[in-house]
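Written below as C-alpha cells is the structure these notes are about.
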Amino acid sequence: MKSTIYKIAVFPLIFAILLTMFSCSGEIDSYSATMLLRSASDNKGEISFGSFSGRVSLNVKNTYTQDTNLSVTATLEEGEASVYYRGSAQGVECHLFDISGLETFSETDVGYLTNGEDFKIIIKTPDGKSAKGGKVTVTVNEP
C-alpha cells in the first residue's frame, strides 16, 4: 500500500519537473567554452569567446515598434560556426551565415523583425568541433 501511494505522489512530481525543464522553448543551450561573454542591451547583442563548442544563445530586446532588419558583424580566428536568429513572433531559427577561421563577416540588412519583436542570437558549432577567437555582434537597424 505504501509503495502505491509513493508511486502516485512521485510520478506527477517528476512529470512536472520534466515538463518545466523542456516546455518553455524546446531549446537548451549546451556548450563548452572559455572566456565566453554575452552582452545584451536595447537593440544590440554581442557574444564573444576564447574557445567554444556547442550551442549558445542570447535574448535581445528590440525597442523599435516598426518592421526592421538586422546588421551583423562577426570574426572567427579558427574553426567554423553558424549564426542564426529567431524572432519572438516567428519561433523558428533562421540561418544568417556560416563563418570559418580567419574570416570576417559584415552585412547591414539581414534577418527581418516585425512590429518590434524581440529576438535571439544563436551560435552553433558542428558536432564535436570547436571554434576559437570569435565575436558576433547583432544590431537592430533603425526603421
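Where a number appears in this text, it was derived from the coordinates with a stated rule and is not lab data. What you see is a predicted model, and the numbers here were worked out from it, not measured in a lab. Positions of Cβ are backbone-derived with ideal geometry, glycine not excepted, and every protein chain shown enters the neighbour counts.
For segment 67-94, name all the residues that are part of a strand (DSSP E or B) and hydroxyl-bearing (Ser, Thr, Tyr).
THR68, SER71, THR73, THR75, SER82, TYR84, TYR85 - these are the residues of segment 67-94 that are part of a strand (DSSP E or B) and hydroxyl-bearing (Ser, Thr, Tyr).
Regarding segment 118-125, can at least one residue be identified that is surrounded by 16 or more Cβ atoms within 10 Å (Cβ to Cβ), of a type in the set (S, T, N, Q) and closer than 20 Å to MET35 by Cα?
yes
Kindly provide the set of residues from segment 115-143 that are touching a strand residue (DSSP E or B) at 6+ places or on another chain (Cβ under 7 Å) and of a type in the set (S, T, N, Q), ordered by number.
Residues satisfying the conditions are THR125, SER130, THR137, THR139, ASN141.
List the number of the failed condition for ASP127; all other conditions in (1) outside any loop (DSSP other than H, G, I, E, B); (2) of a type in the set (D, E, K, R); (3) without any contact (Cβ under 8 Å) to a residue 40 or more places away in the chain hold.
Unmet for ASP127, out of (1) outside any loop (DSSP other than H, G, I, E, B); (2) of a type in the set (D, E, K, R); (3) without any contact (Cβ under 8 Å) to a residue 40 or more places away in the chain: (1).
Within segment 73-100, count every residue that is in contact (Cβ under 8 Å) with a residue 60 or more places away in the chain and of a type in the set (Ser, Thr, Tyr).
The total comes to 2.
Working only within segment 95-107, note down all residues that are within 14 Å of PRO126 (Cβ to Cβ) and assigned to a loop (DSSP other than H, G, I, E, B).
Correct list: GLY101 only.
What number of residues within segment 33-66 are in a strand (DSSP E or B), of a type in the set (S, T, N, Q) and surrounded by 12 or more Cβ atoms within 10 Å (Cβ to Cβ)?
Final tally of qualifying residues: 6.
Please state which of the following conditions GLU107 fails to meet, knowing it meets all the rest: (1) free of Cβ contacts under 8 Å to residues at least 60 places away in the same chain; (2) closer than 16 Å to ASP29 by Cα.
(2)
Just checking, does segment 85-94 include any residue being charged (D, E, K, R), surrounded by fewer than 17 Cβ atoms within 10 Å (Cβ to Cβ) and touching a Phe, Trp or Tyr at 6+ places or on another chain (Cβ under 7 Å)?
Looking for residues that are charged (D, E, K, R), surrounded by fewer than 17 Cβ atoms within 10 Å (Cβ to Cβ) and touching a Phe, Trp or Tyr at 6+ places or on another chain (Cβ under 7 Å), one finds at least one in segment 85-94, hence yes.
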